Every structure is written in C-alpha cells, then in structure tokens.
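The values are calculated or read from the model by the stated rules, or taken from the named source; none is laboratory data. Small disclaimer: the values here were computed from a predicted structure and weren't measured. Ideal geometry is used to build each Cβ from the backbone, glycine not excepted, and the neighbour counts take in all protein chains shown. SASA here: full protein model, heavy atoms, side chains in, ligands and nucleic acids out. Shrake-Rupley method; radii C 1.70, N 1.55, O 1.52, S 1.80 Å.
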Amino acid sequence: MYEMSSVADARWLKQPDVLRDFLRMYDDKASAKGATFPYLLRFVPIALRADNFDEVRKVESDSGLKRFDIVDMRWMKQISRREKHQKTAYLIVQFSSAKAANDALRRHVYIRGGRFEPIPLYPEPQRCHKCSQIGWHKASECKAIVEVCGKCTGDHKTKLCRVTDPAHMKCVNCNRHGHGSMDRACPTFWEKKR
C-alpha cells in the first residue's frame, strides 16, 4: 500500500498513463484500485470505441470535463451479444472523482454529436428536506420536531438561509464545517451510499 504525501501527488498517480507505467515498473502482478463513480449513459451510438484512449479524451473535451476525469468507459452488454442491426447501447462511464461526476451531471456528456444524461449506476441516498439528514426517509415521514437548515444546521428552512460561503457552512450529517448537508463530497453521503 502506498500513501502519497499530498493530494496533488495522489491525483498525478491516478492518471491512467502514469499509473499504468508505475505499475509496470513496480511489479508485473501489481494492481491499483481507487474509488470511481460509475454512471450509465443510455442509447449511445455503438460507433463509439469505448476502449480507445483518444476517443475517451475526446468525450471529456466535448463534455467540458478535465483530462482524465473519465477513468473508464465500457459497454454494459458485451459487443458479441448485440442484435444484428443494433445502433445504440448502454454505456457505463467511470468518473475519477465526485467533482467530475457532478460536472458531468450538470453539463451532460457529449458523444458523437449526441447529448447524454448520466444516471447514477447505484441508487443514491436521499436528503430529507425537513431534518436535512441523509438517509432513506422523506420530509413527510420525518420525525424531527423542527426544520434543520441544510447549509448551517440552524432551525430554519434551507431556502431561507443566508449562508453562501462554504467556509461558513456546517453539515448536519458529519458535523463538519466547510460544506452543507447536500454536498455529495460529504463522507456521510458516501458511507450511506454503500
């Protein structure tokens, strides 16, 4: 196991070409696993060469994503199992970070002139709009007596909150400052998602 001295070093090592070369020099049996964020794109033209390095980089560029925001793309169903005249298929895209996945969700993914909406491959936990906690209940089922702000944990509705600076936000889920309860980078969000 390797521990990097900085986040910048870890990002550098996670780049596919750097990681591939690192693993080759370390050991021929070495492997690396990191957290990725899988999303589904529906009805993508099968002319896309999902395993082609340059094509993956073009998808990033066309979609306004950074280089290496996409770690992997693969077809959901094996190519050999396609119908004879099939023109589109489902594509699984693995994003390198929550930020990259969020950027793709906001901007969509553009492939060969088409616009595709990323769909989370795994269900995401919901945030209650009354208590602002991440879990599997809705505001109509919430047992909290007062509303809790999703930005500052105050006893008011989130939409009435005046806090805009993330440095002044506090998460009701992990009890940390620096983000609100709806931030997908919250460690509690990912813990509940498992």
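With respect to the conditions (1) in contact with a Cys (Cβ under 9 Å, 6 or more places away or on another chain); (2) at positive phi, residue 108 lacks only one, and its number is (1).
When the residues of segment 177-189 are narrowed to those that are open to solvent by 40 Å² or more (accessible area, probe 1.4 Å) and touching a residue at least 40 places away in the same chain (Cβ under 8 Å), which ends up nearest to the chain's Cα centre (by Cα)? Residue satisfying both the conditions and the ranking: 185. Here's a check for you: in segment 111-163, which residue that is aliphatic (A, V, I, L, M) and under 25 Å from residue 38 (Cβ atoms) is modelled with the highest pLDDT? So the residue we want is 111. Of the strands (runs of 3 or more DSSP E) lying entirely inside segment 15-100, not one carries at least 3 residues that are under 21 Å from residue 120 (Cβ atoms) and touching a His at 6+ places or on another chain (Cβ under 8 Å). Just to be sure, is residue 63 at pLDDT 80 or above and of a type in the set (S, T, N, Q)? For residue 63, the condition - at pLDDT 80 or above and of a type in the set (S, T, N, Q) - is met. Any residue that is more than 30 Å from residue 136 (Cα to Cα), more than 20 Å from the chain's Cα centre (by Cα) and open to solvent by 60 Å² or more (accessible area, probe 1.4 Å) - is there at least one of those in segment 58-78? Yes: one or more hits. So, in segment 1-14, of the ones that are at pLDDT below 80 and in a helix (DSSP H, G or I), which residue ends up least open to solvent (accessible area, probe 1.4 Å)? By that ranking, first place goes to 10.
From the list 167, 144, exactly one residue is of a type in the set (Gly, Ala, Ser), assigned to a loop (DSSP other than H, G, I, E, B) and surrounded by fewer than 21 Cβ atoms within 10 Å (Cβ to Cβ). Which is it? Answer to the selection: 144.
Scanning segment 151-164 for residues that are in a loop (DSSP other than H, G, I, E, B) and among the polar types (S, T, N, Q), we see that the one that is most open to solvent (accessible area, probe 1.4 Å) is 164.
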